[in-house]
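Read through the structure below, which is laid out as structure tokens, and then see the notes.
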Amino acid sequence: MVQSIILYSEIIPTVLAVVGLYFIGTGVLDHKRLFTVVGVILFCLAVIVPFAILTTLI
């Protein structure tokens, strides 16, 4: 149980945030609106996912 909580609260949001920042940076520098939007969505998802998943586990 503890390993799954660490996975959902630490690892997945970190990966989503890093990928989101990569897409934001790539989209802004290359003037690609789609990459920027995908990056913002992934970054926001990285913030929301732990709360959504952890509340169902508790």
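The values are calculated or read from the model by the stated rules, or taken from the named source; none is laboratory data. Bear in mind the structure is a predicted one, so any value in this text is a computation, not a measurement. Cβ: placed from backbone, ideal geometry, glycine included. Neighbour counts: every protein chain shown. For accessibility, only protein heavy atoms count, side chains too; no ligands or nucleic acids. Shrake-Rupley method; radii C 1.70, N 1.55, O 1.52, S 1.80 Å.
Quick notes on this structure:
- Test for Leu57: is it open to solvent by 40 Å² or more (accessible area, probe 1.4 Å) and either of a type in the set (S, T, N, Q) or at pLDDT below 85 (or both): yes
- Taking the chain and the helices (runs of 4 or more DSSP H) fully enclosed by it, no element has 3 or more residues that are at positive phi, among the β-branched types (Val, Ile, Thr) and in contact with a helix residue (DSSP H, G or I) (Cβ under 7 Å, 6 or more places away or on another chain).
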